[in-house]
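Q: First the structure, then my questions, so here it is.
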Amino acid sequence: QVQLVESGGGLVQAGESLRLSCAASESIFSFNSMNWYRQAPGKQRDWVAGITAIGITNHADSVKGRFSISRDTAKNTVYLQMNSLKPDDTAVYYCKTERGHSTYWGQGTQVTVSS
């Protein structure tokens with residue numbers, strides 16, 4: 001059973017930065033990709049950013065230029081660097097990966113941005 005553990009959330013003011021971490025229990029090379037999602041209260045869970053096994057990254061238009069996904073393969077950890085945070089970025093942030101027919105989610109980490 002793959003385990004994903006997110007950390008790094010918190011309460012910040014608009015314009016500040018946070019870095020989220022997602023630590024996997026297995027080598028991240030064993031997954032096709034790893035992704036960050038977020039879910040604001042009363043809204044659907046939306047994709048934020050992803051990184052493939054060979055290191056190709058992609059970001060949602062809403063965060064492009066402010067957020068950046070990266071990884072440390074030695075630590076089996078994926079990061080989400082979030083700069084210039086806005087109140088609209090307030091959400092629970094989740095890490096997700098897939099292998100075969102199985103999907104794995106972390107427990108989420110809360111990010112709250114005050115104006």
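The values are calculated or read from the model by the stated rules, or taken from the named source; none is laboratory data. From a predicted model like this one, the values you see are computed outputs, not experimental measurements. We place every Cβ from the backbone using ideal geometry, glycine too, and count neighbours over all the protein chains shown. Remember, those area values only see protein heavy atoms, side chains included, never the ligands or the DNA or RNA. Shrake-Rupley method; radii C 1.70, N 1.55, O 1.52, S 1.80 Å.
Q: With at pLDDT 95 or above and aromatic (F, W, Y) as the only criterion, which of F67, F31 stands out?
A: F67
Q: Restricting attention to region 103-115, report how many residues are open to solvent by 50 Å² or more (accessible area, probe 1.4 Å) and touching a helix residue (DSSP H, G or I) at 6+ places or on another chain (Cβ under 8 Å).
A: Total satisfying the criteria: 1.
Q: Against the condition surrounded by 13 or more Cβ atoms within 10 Å (Cβ to Cβ) and at pLDDT below 95, how does V2 come out, does it pass?
A: So V2 fits the description; yes.
Q: Looking at region 57-86, which of its residues are among the charged types (D, E, K, R), free of Cβ contacts under 8 Å to residues at least 12 places away in the same chain and either open to solvent by 70 Å² or more (accessible area, probe 1.4 Å) or in a loop (DSSP other than H, G, I, E, B) (or both)?
A: Hits for region 57-86 are D61, K64.
Q: Might you check whether a residue that is under 12 Å from R38 (Cα atoms), in a loop (DSSP other than H, G, I, E, B) and open to solvent by less than 40 Å² (accessible area, probe 1.4 Å) occurs anywhere in region 87-102?
A: yes
Q: What pairs can you find where one residue is in region 1-19 and within 24 Å of F31 (Cα to Cα), the other is open to solvent by 50 Å² or more (accessible area, probe 1.4 Å) and among the hydroxyl-bearing types (S, T, Y), and their Cβ atoms are less than 7 Å apart, with a gap of 6+ or different chains?
A: From residues that are within 24 Å of F31 (Cα to Cα), the pairs are V2/S25; Q3/S25.
Q: Of all the residues that make up region 7-56, how many are more than 14 Å from T77 (Cβ to Cβ), surrounded by fewer than 18 Cβ atoms within 10 Å (Cβ to Cβ) and among the charged types (D, E, K, R)?
A: 4
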